[in-house]
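> Here's a structure for you.
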Amino acid sequence: MHLITLDLEASSLDEHSYPIEVAFVAGKANGIVTQFSTLIKPRPEWHRNRGWSAASQAIHGISYDELAAGMDADTVCDILNSALAGRHVSVDGGTYDEFWLEHLFAGRERTFQLDHLTGIDPEVFIAAKRNMAPQHRALHDASWLWHALLRLQPLHDRSR
C-alpha cells in the first residue's frame with residue numbers, strides 16, 4: 001500500500017492565515033513513486049494585510065509577490081482531489097493542516113482524508129525529527145515526513 005504525506009506552508013499562523021504552498025509525496029517501501037508541489041495564488045478573499053506575516057515569511061522564505069506565479073487555488077484542489085481521491089494522507093501539522101485545507105477547498109468537496117500521526121509514539125517521532133529536520137518548504141517537508149514515517153511504521157504494517 002502507498003504511504004502518502006502532505007505538507008502545507010501558510011501566510012501566517014493566525015486566524016486569517018491561508019495556504020501558500022502545498023506538496024504531497026506518495027510511494028511504496030522501495031521508494032517515492034510520485035510527488036507534487038506548487039505555490040498557491042491567493043484567492044481574492046484571502047487578504048494580504050490581514051493574513052500575511054513577515055515572521056512566517058522569514059521561516060519559509062516565500063514572498064507574497066512570488067505567489068502571483070502560483071497555481072490557481074481551484075486548479076490545486078482539482079489536482080489534489082484527482083491524485084488523492086479516496087486515500088488517507090498523513091500530515092504532521094495537526095489542526096493547522098485541516099484549517100488551511102478548509103480555506104483551500106472552501107465551497108468544494110475534498111475527496112481524501114487526513115491522518116494525524118495517530119498510533120506513533122511521540123517520543124520516537126521527535127527522535128526521528130532530530131535526525132532529519134524540516135526546512136519549511138512543502139515538498140521538502142512532505143518528503144521528510146514520508147521518510148520518517150517509513151522508518152517508524154513500515155508500509156506492510158499499514159492498514160490503509
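> Taking θ as phi - 60°, what are the ³J(HN,Hα) couplings along segment 63-71 by the Karplus curve (6.51, -1.76, 1.60), each to the nearest whole Hz, with x for Gly and Pro?
8, 4, 4, 5, 5, 4, 8, x, 7
> Sorted from fewest to most neighbouring beta carbons within 10 Å, what does the list LYS28, LYS41 look like?
Numbers: LYS28 12, LYS41 17.
Fewest to most other Cβ atoms nearby, the residues stand as LYS28, LYS41.
> Something else: Amide H neighbours of ASP115 under 5 Å, counting only residues 5+ apart in sequence or on other chains, H built in-plane at 1.01 Å?
VAL89, SER90, VAL91
> Moving to a separate point now. Karplus couplings for segment 22-27 from phi (6.51 cos²θ - 1.76 cosθ + 1.60, θ = phi - 60°), rounded to Hz, Gly and Pro as x?
9, 8, 9, 10, 10, x
> Within 10 Å of each residue's Cβ, count the other Cβ atoms and sort THR95, THR111, THR5, THR34 from fewest upward.
Going from sparsest to densest Cβ surroundings: THR95, THR34, THR111, THR5.
> Whole Å is fine, so just give me how far the alpha carbon centre of segment 52-83 lies from that of segment 1-34.
When both Cα centres are located, 12 Å separates them.
> Could you tell me what fraction of 2.2 N^0.38 Å the Cα radius of gyration of segment 3-157 comes to, as a two-decimal ratio?
Numbers: Rg = 15.2 Å, N = 155, 2.2 N^0.38 = 15.0 Å.
Rg over 2.2 N^0.38 Å, computed on Cα atoms: 1.02.
> What is the set of long-range amide H partners of LYS41 at a cut-off below 5 Å, with H atoms built 1.01 Å from backbone N?
Long-range HN contacts for LYS41: GLY70, MET71, ASP72, ALA73.
> For segment 1-93, which GluC sites (Glu not before Pro) are in a loop by DSSP, counting at most 15 other Cβ atoms within 10 Å?
In loop regions of segment 1-93 (DSSP not H, G, I, E or B), the sparsely surrounded GluC sites (Glu not before Pro) are GLU15, GLU45.
Coordinate-derived values only; no laboratory data. This is a predicted model, so every value here is computed, not measured. Here the Cβ is made from the backbone with ideal geometry for all residues, glycine too, and neighbour counts use every protein chain on show.
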